[in-house]
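Below is one structure, written out as structure tokens; comments come after it.
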Amino acid sequence: MTTDTDEPTLTIDELASRAGVTVRTVRFYSGRGLLPPPVIGPRRVGHYGPEHLARLALIEEMQLQGMTLAAIERHLRQLPPDLSPHDLAVHRAVVASWAPETVETLTRPELERRAGRALSEEDVERLAAMNVAAADGDSFRVDSGLLRLGVRLLDVPLSQETILAARTVLIEHARAAARELSGLLREAVAERDTRDVKSLSAHMHPLVVQALLTTFQRSLREELREWVGGGGAEAVPGDAPSA
């Protein structure tokens with residue numbers, strides 16, 4: 001079965017498997033209103049789509065950051081109900097930005113379990129090239145904050161060279177933006193007490209991160225629209241439908 005956008009839909013068992021959770025967990029979240037109801041098909045079988053996967057990923061990310069179920073429910077209630085999977089991914093990136101820098105030493109089986117899939121030698125080499133996992137004897141030193149992203153990039157139909165070049169561009173521009181913003185903030189709080197500076201930083205951090213992500217998403221969408229649609233002839237993934 002497929003949706004109107006030709007996206008294949010999933011049964012609850014397939015959804016749970018893709019998301020790395022149990023069917024019981026999916027039903028629990030659905031019962032709490034954290035997931036939208038499935039589309040009911042023939043024989044009363046519920047079918048789920050990309051938005052359900054994206055919401056499950058967002059919920060998991062919030063749990064990893066130590067948020068309680070009540071806090072997760074409050075956060076999701078504040079989100080528009082019709083957010084696309086792309087928009088949900090942006091929210092998840094904002095949440096993930098609070099993750100501390102953690103490097104863990106994992107065995108090969110532990111690495112594959114965390115990755116949620118078997119990893120070929122080529123996969124491991126690509127993760128190493130992205131600075132996600134580095135061999136350390138019989139184990140691997142893994143950047144936990146980047147592991148999920150690195151695993152997803154393994155399936156992107158681009159060469160490793162292109163992915164690494166894109167990573168370099170993103171890092172360089174992100175660092176430049178961070179330097180300029182840091183300079184502006186330093187000038188604005190130069191005369192303030194240290195405690196005031198820390199308080200301002202704590203309040204500004206999530207706002208700056210979300211602003212950067214949202215601005216980048218919109219800018220990239222505009223670039224793709226010009227490239228793919230020749231000035232708007234075709235829709236770009238993540239665009240809202242026109243009224």
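Points worth noting:
- Residue within region 51-74 that is surrounded by 16 or more Cβ atoms within 10 Å (Cβ to Cβ), of a type in the set (S, T, N, Q) and farther than 29 Å from D136 by Cα present: no
- Residues of region 2-30 that turn out to be loosely packed, with under 12 Cβ neighbours inside 10 Å and at pLDDT below 85, as a count: 5
- First in region 134-155 and among the acidic types (D, E), second anywhere and in a loop (DSSP other than H, G, I, E, B) and open to solvent by 70 Å² or more (accessible area, probe 1.4 Å), Cβ under 8 Å, 6 or more apart: D143/E101; D143/N131
- Within region 42-79, considering residues that are at pLDDT 80 or above and in a loop (DSSP other than H, G, I, E, B), the one farthest from S144 (Cα to Cα): V45
The values are calculated or read from the model by the stated rules, or taken from the named source; none is laboratory data. Small disclaimer: the values here were computed from a predicted structure and weren't measured. Every residue, glycine as well, gets a Cβ built from its backbone with ideal geometry; the counts of neighbours run over all protein chains shown. Surface accessibility is based on the protein's heavy atoms, side chains included, excluding ligands, DNA and RNA. Shrake-Rupley method; radii C 1.70, N 1.55, O 1.52, S 1.80 Å.
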